[in-house]
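To start, the structure itself, in structure tokens.
Please treat every number below as a calculation from the coordinates, not as lab data. As the structure is a prediction and not an experimental result, all values here were calculated from the model.
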Amino acid sequence: DTAVSQTPKYLVTQMGNDKSIKCEQNLGHDTMYWYKQDSKKFLKIMFSYNNKELIINETVPNRFSPKSPDKAHLNLHINSLELGDSAVYFCASSQDGRGYGYTFGSGTRLTVV
Amino acid sequence: AQSVSQHNHHVILSEAASLELGCNYSYGGTVNLFWYVQYPGQHLQLLLKYFSGDPLVKGIKGFEAEFIKSKFSFNLRKPSVQWSDTAEYFCAVRGGGSQGNLIFGKGTKLSVKP
């Protein structure tokens, strides 16, 4: 049973296109997140959602918009894709509380050409 | 704001060598500390975490880490590495209340030569 699942695993698209990445967790966790991992492997948080409410948005361009239809899903929609958006995007989820780590999805490798 | 520093960018070891990866964090309040591993082409997996209690934490695959509060450090260790430990290792800190974010260091790439 996959705990946090992301689709698609790979996404190749042209500049200017709009694309979405889906994420679902079956762990009953309270909060879901999107992280971006750049070519240097640096992980940076983009968004987190708790009970359908966006609680953190870290200086991410407004071309990126998270959409959460329910507690188990957090999709990432990207408008007008740019070359610099090429990266691996990881979805994660966690229980509330500092003592809990995050469970990560397998990642979506986005390549903008 | 909290931050995490991993001083070693790339560590190269031979099999059976001992490993220590440095991690220092910056945060004024109570934190919880984590080490994640990312094998080539895969997602992040939790190796171990420190929440409270014994500062020496044992994780999976023979890894351990020691929380030294006075030094703001949480170094990862393994007495004898294997080729299969080749991966990227990330230290992370979570603080700032029940909904504090998990903030990652920039990672340390470990290459183990057979």
Which residue fluctuates the most in chain A, going by a Gaussian network model with Cα springs under 10 Å, if the choices are A:I21, A:I78, A:I55?
A:I55
Cross-link partners of A:K41 among aspartates and glutamates (Cα-Cα below 16 Å; sequence separation of 8 or more within a chain)
A:D85, B:E88
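Among the listed pairs A:K44/B:K109; A:K22/B:K49; A:K19/A:K67; B:K78/B:K113; A:K44/B:K61; B:K78/B:K106, which are separated by more than 23 Å between their Cα atoms?
Going by Cα-Cα distance, A:K22/B:K49; A:K44/B:K61 fall outside the 23 Å limit.
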If the range B:18-104 were replaced by its equivalent ellipsoid, with semi-axes equal to the square roots of 5 times the Cα gyration tensor eigenvalues, what would those be, largest first, whole Å?
22, 15, 10
What would the Debye formula give as log10 I(q)/I(0) at q = 0.21 Å⁻¹ for the alpha-carbon point model of the range A:19-87, no solvent?
-0.91
Looking only at B:K58, B:K78, B:K69, which one moves most when chain B is put into a Gaussian network model with springs between Cα atoms under 10 Å?
B:K69
Taking chain A as a Gaussian network, Cα atoms linked when under 10 Å apart, which of A:Y35, A:Y102, A:Y49 shows the biggest mean-square fluctuation?
A:Y102
Per principal axis, largest first, the Cα atoms of the protein assembly as shown extend in Å by 48, 39, 34
